[in-house]
1. Among the residues of the stretch B:126-157, which ones are away from every other protein chain (no Cβ under 11 Å) and either free of Cβ contacts under 8 Å to residues at least 60 places away in the same chain or within 25 Å of residue B:31 (Cβ to Cβ) (or both)?
2. Residues to consider are A:54, A:42; find the one that is part of a loop (DSSP other than H, G, I, E, B) and either within 7 Å of chain B (Cβ to nearest Cβ) or without any contact (Cβ under 8 Å) to a residue 60 or more places away in the chain (or both).
3. Could we say that residue B:60 is loosely packed, with under 14 Cβ neighbours inside 10 Å, under 27 Å from the mean Cα position of the chain (by Cα) and closer than 28 Å to residue A:31 by Cβ here?
4. Mind checking which residues of the stretch A:57-70 are at the interface with chain B (Cβ under 7 Å from one of its Cβ atoms) and outside any loop (DSSP other than H, G, I, E, B)?
5. If you scan the stretch A:1-39, which residues turn out to be part of a loop (DSSP other than H, G, I, E, B), touching a helix residue (DSSP H, G or I) at 6+ places or on another chain (Cβ under 8 Å) and more than 11 Å from chain B (Cβ to nearest Cβ)?
6. Tell me, yes or no, whether the stretch B:4-26 has at least one residue that is in contact with a helix residue (DSSP H, G or I) (Cβ under 9 Å, 6 or more places away or on another chain) and closer than 30 Å to residue A:61 by Cα.
7. Which of (1) loosely packed, with under 12 Cβ neighbours inside 10 Å; (2) without any contact (Cβ under 8 Å) to a residue 60 or more places away in the chain; (3) within 14 Å of chain A (Cβ to nearest Cβ) is the odd one out, the single condition residue B:18 does not satisfy?
8. Return the residues of the stretch A:40-58 that are within 29 Å of residue B:112 (Cα to Cα) and surrounded by fewer than 14 Cβ atoms within 10 Å (Cβ to Cβ); say none if nothing qualifies.
């Protein structure tokens, strides 16, 4: 590491810490969260970037929240999708969508 | 504070060419751990009522936190007559393709991980559209809870 920032976990010498032993290492990219939105219908909205962003979403069922889509194995349906300008939701079930600055296709 | 990727001038780098920027939020890990359910052998007939088992962890955050893995109705077991009864790890099973040959679609064991304002819950449901025996086995889910809050609306651009 020529220069940068590295922070090791407690009791680990930062000089020889492996990646798994670091809390932060500027050699490794991070997810940069820029937006969070809640949707309650099948809709779309402009995300403000000019490329498809990486994303995560959580689905509400009653009073509980689950990451990702319902269904099992390879039959899960995609409830959220993105392109270079917009986010698309495909269900009226309440969802919370997080968008990252990180491009989805990099 | 900003840190650019290698080869990019931090003064002019686009946001996507930054390793870190304090303009944006990050995932902040609150807790990692595992939930384990030790399930009994169980036999029921055609159309019997399902059985539900839960294991919980109280996160103490007072709101619904972001949680991984993505585990919603993950197939974790089939009846013993079809080779079931093995210990299952939800994180592994969540990425397995569903195999129709595993048995009657309505006779299965499915796991879901979800969060509430007070707990995270590993729930396993056994369904009996058709008669069969589920063997005794364990279901384990390795989880990560973040301080980040589900439902918080914001835009940092």
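1. Across the stretch B:126-157, the qualifying residues are B:138, B:139, B:140, B:141, B:142, B:145, B:147.
2. A:42
3. It is true that residue B:60 is loosely packed, with under 14 Cβ neighbours inside 10 Å, under 27 Å from the mean Cα position of the chain (by Cα) and closer than 28 Å to residue A:31 by Cβ.
4. Result: A:58, A:64, A:65, A:66, A:67.
5. Passing the criteria: A:9, A:12.
6. yes
7. (1)
8. Passing the criteria: A:40, A:41, A:42, A:43.
The values are calculated or read from the model by the stated rules, or taken from the named source; none is laboratory data. Note that the structure is predicted; figures quoted are calculated from it, not measured. When we count neighbours, we look across all protein chains shown, and the Cβ atoms used for this are built from the backbone with ideal geometry, even at glycine.
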